[in-house]
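Everything below concerns the one structure shown next.
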Amino acid sequence: MATDAFDDVEPRPGSPKRDTILSVDGLVRRFGGITAVDVDHLEIQANAITGLIGPNGAGKTTFFNLITGFDEVTAGTFQFKGERLEGVPAYKVARKGLVRTFQLTKALSKLSVIDNMKLGAVGQTGENPFKAMVRPLWVNQEREIEARADELLKRFKLYDKRDDYAGELSGGQRKLLEMARALMADPEVICLDEPMAGVNPALTQSLLQHVKQLKDEGLTVIFVEHDMDVVRDISDWVVVMAEGAIIAEGSHASIGKNQAVIDAYLGTSHEIDLGTIQLDPETH
Amino acid sequence: MNWMGILESTLEAMVTKNAVVFALAAIGLNIHYGYTGLLNFGQAGFMAAGAYGTGIAITQWAWPIIPAAGFGLFLSVVLALLLGLPTLRLRADYLAIVTIAAAEIIRRVVKATEYRGVTGGSGGINGIGRGFYDANPFSERLDLGIVDFSARQLWFMVVGWGLVVICMLLTYLLVRSPWGRVLKAIREDEDAVRSLGKNVTWYKMQSLILGGLFGALGGIMLTLEQQSVQPDQFFTPTTFYAFTALILGGAGRVFGPVVGSMLFWGIMQFTSVSLRQGIRNGHIPESVMDGVQAGQVPLIVAGVLLGALMIFRQQGIFGNKREVALDGN
């Protein structure tokens, strides 16, 4: 279901995009002697859903860690909306509008669901310790934030749970909460690290709809995922990593036929089901 | 056995010197550990900064009490910055190691003979004078029947508990604010908070400074009460008395550290006085325990009670059972 934005984009690693929001050049991360990430060039199209796939150990999560400031680059640069962000701490990257979620969900267990949500809002007056002591200074802002949080909770079907501890939610609900909380930070790009992992099939559909809706609202979504059905279902563009490098880019249809991709998967894990992509690439 | 005497001295211990000093120190630890999850094992160091800062300003520069106490508070902020800058970026365990070592270094340094001129060496600072008690508006004892207090005790209690109430109020105002929400979130998972655009290291520093200031207030009150500073009062167990008080009362609760401190010193005094009476009256034969050995027992009893509490009421007296149940998740 490649959208217009990708019509004239060549399906090859590092191909230029029509409207690039995030670009990476010569990005390298080494851990001792191991090169975890070595990406020559990559551009991410704005307001699209880009799926990042690859066999285990391909460097997908490390790549996420690098572009969100959670890990330091060994070499190379990356730009978000034309601004270089390597070496910028994670919290500043998030404030600039590049927000991530985590593979292992980080719901804040002993905070209520609504407090988890309210935490996500940026620029809160009451987060300054001196102003925090004077309730009238922040109470109006707090009410606005709470109203916005309640809206999102309703949309993500978590409103009934708003006063429960986040630790009391199921695994799938925590994934939803984490996504909703990330939206409270007003991101332009949202990086979802395996959003469907450990989520029961019933909830998967609802999560997929939420991800699609993010795009409709103008966000750019980058996500790491192992489930090929999910990738096929929601991604406009697929980037394939193996051994730290980008080995292919393209629509999911072209990726499924790419020999380098098949080799990368079969060389490491035979059980990955690439068939669904090849068999009916034009569904959706 | 003189049970009224035991009751009187237990009640007195629950509201006087140590109860106040350790309530303040434990309120500080509550900010660190209870709300932010920072393992500060060097609260004694912050208390020492407050105590010695005040003592030195009074004896060396003849400052009045309030600015002298301000100097003690200032030193505790400096200490928080020194400890926090290199360690707060690291995992929580590093802070624990650095703080426990730093508190010991402080005690050894102020005890050193080289600095006798300023810190009084192992003898401590003794010339602090009666400034605090000269301001005492009370002139008569207060008799409440079971227990009575001297005019000096009354003055110390009014100022000390006044400070405790102010610190509790500050804690209450802060932890229900968005600032407190960030601290509690850091306690749960730092990286999640970072991913939402909060400068986690700086929040942890603010927490370390604030809790350290409360600890320093405890040290200052100790100094003013006894009109002296003794280096060995800031040994490592001091930190753990404050931790025991905090855990007893319930970490992450506004009243937890205060009630915990009162109970801790109440239990210590009750055990100590009952045993001494029992030995003196022959109820406890010498073959079981003599007077010297009895001195060690209160801590054992406190330890056993704390152990029992951890088994039967993990959240402490004020804690929230629902929260503790989430720990497994």
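The values are calculated or read from the model by the stated rules, or taken from the named source; none is laboratory data. Note that the structure is predicted; figures quoted are calculated from it, not measured. Every residue, glycine as well, gets a Cβ built from its backbone with ideal geometry; the counts of neighbours run over all protein chains shown.
A few comments on the model shown:
- Qualifying residue in segment A:77-90 (condition: at negative phi, surrounded by fewer than 17 Cβ atoms within 10 Å (Cβ to Cβ) and small (G, A, S)): no
- Condition met for A:E178 (in contact (Cβ under 8 Å) with a residue 40 or more places away in the chain and either within 14 Å of another protein chain (Cβ to nearest Cβ) or farther than 19 Å from A:R232 by Cα (or both)): yes
- Which numbered condition B:E225 fails, given (1) within 24 Å of the chain's Cα centre (by Cα); (2) surrounded by fewer than 19 Cβ atoms within 10 Å (Cβ to Cβ): (2)
- Of all residues in segment A:174-202, those being of a type outside the set (D, E, K, R), in a helix (DSSP H, G or I) and closer than 20 Å to A:A147 by Cα number 7.
- The residue of segment B:48-99 that is surrounded by the most Cβ atoms within 10 Å (Cβ to Cβ), among those that are of a type outside the set (K, R) and assigned to a loop (DSSP other than H, G, I, E, B), is B:L88.
- Residues of segment B:107-146 satisfying the condition of being assigned to a helix (DSSP H, G or I), surrounded by 14 or more Cβ atoms within 10 Å (Cβ to Cβ) and of a type in the set (V, I, T): B:V109, B:V110, B:V118, B:T119
- Among the conditions (1) modelled with pLDDT of 85 or more; (2) of a type in the set (D, E, K, R); (3) assigned to a loop (DSSP other than H, G, I, E, B), the only one that A:E249 does not satisfy is (3).
- Just one of the listed residues (A:G51, A:G26) is small (G, A, S), under 20 Å from A:E194 (Cα atoms), at pLDDT below 95 and assigned to a strand (DSSP E or B), namely A:G51.
- Flag for B:G197 being touching a strand residue (DSSP E or B) at 6+ places or on another chain (Cβ under 8 Å), under 24 Å from B:R91 (Cβ atoms) and either surrounded by 13 or more Cβ atoms within 10 Å (Cβ to Cβ) or modelled with pLDDT under 95 (or both): yes
- Number of the exception - A:I44 against (1) at positive phi; (2) assigned to a strand (DSSP E or B): (1)
- The number of residues in segment A:90-108 that are over 17 Å from A:M179 (Cβ atoms) and touching a helix residue (DSSP H, G or I) at 6+ places or on another chain (Cβ under 7 Å) comes to 2.
- Test result for B:M205, more than 19 Å from B:E323 (Cα to Cα), over 18 Å from the mean Cα position of the chain (by Cα), more than 9 Å from every other protein chain (Cβ to nearest Cβ) and part of a helix (DSSP H, G or I): yes
- Segment B:106-119, residues that are touching a residue at least 24 places away in the same chain (Cβ under 8 Å) and over 16 Å from B:A62 (Cα atoms): B:I106, B:R107, B:V110, B:K111
- Residue within segment B:137-144 that is over 21 Å from the mean Cα position of the chain (by Cα), within 9 Å of chain A (Cβ to nearest Cβ) and modelled with pLDDT under 95 present: no
- Selection from segment A:135-160 of residues that are surrounded by fewer than 15 Cβ atoms within 10 Å (Cβ to Cβ), more than 28 Å from the chain's Cα centre (by Cα) and more than 8 Å from every other protein chain (Cβ to nearest Cβ): A:P136, A:V139, A:N140, A:R143
- Residue within segment A:95-108 that is of a type in the set (D, E, K, R), surrounded by fewer than 19 Cβ atoms within 10 Å (Cβ to Cβ), under 23 Å from the mean Cα position of the chain (by Cα) and more than 7 Å from chain B (Cβ to nearest Cβ) present: yes
- Which listed residue is part of a helix (DSSP H, G or I), within 14 Å of chain A (Cβ to nearest Cβ), touching a helix residue (DSSP H, G or I) at 6+ places or on another chain (Cβ under 8 Å) and at negative phi, from B:L174, B:L196, B:L163, B:L169: B:L174
- Residue, surrounded by the fewest Cβ atoms within 10 Å (Cβ to Cβ), within segment A:109-134, restricted to residues that are assigned to a helix (DSSP H, G or I) and at the interface with another protein chain (Cβ under 7 Å from one of its Cβ atoms): A:P129
- Subset of segment B:110-130 (residues that are of a type in the set (K, R) and either touching a Ser or Thr at 6+ places or on another chain (Cβ under 6 Å) or modelled with pLDDT of 90 or more (or both)): B:K111
- Only one of B:F255, B:F240, B:F270, B:F235 that is of a type in the set (F, W, Y), in contact with a Lys or Arg (Cβ under 7 Å, 6 or more places away or on another chain), surrounded by fewer than 24 Cβ atoms within 10 Å (Cβ to Cβ) and away from chain A (no Cβ under 14 Å): B:F235
- Any hit, segment A:216-227, residues being in a helix (DSSP H, G or I), more than 24 Å from B:A185 (Cβ to Cβ) and either within 14 Å of chain B (Cβ to nearest Cβ) or of a type outside the set (V, I, T) (or both): yes
- Residues that are under 15 Å from B:V175 (Cα atoms) and of a type outside the set (A, V, I, L, M), drawn from segment A:125-138: A:T125, A:G126, A:E127, A:N128, A:P129, A:F130, A:K131, A:R135, A:W138
- Residue in segment A:179-188 that is in contact with a Pro (Cβ under 9 Å, 6 or more places away or on another chain) and crowded, with 17+ Cβ neighbours inside 10 Å present: yes
- Residue under evaluation A:R232, criteria (1) free of Cβ contacts under 8 Å to residues at least 60 places away in the same chain; (2) charged (D, E, K, R); (3) within 14 Å of chain B (Cβ to nearest Cβ), criterion not met: (3)
- Scope segment B:299-329; condition in contact (Cβ under 8 Å) with a residue 24 or more places away in the chain, more than 13 Å from B:I247 (Cβ to Cβ) and either surrounded by fewer than 12 Cβ atoms within 10 Å (Cβ to Cβ) or out of contact with any Phe, Trp or Tyr (no Cβ under 8 Å at 6 or more places or on another chain) (or both); matching residues: B:L299, B:V301, B:N320
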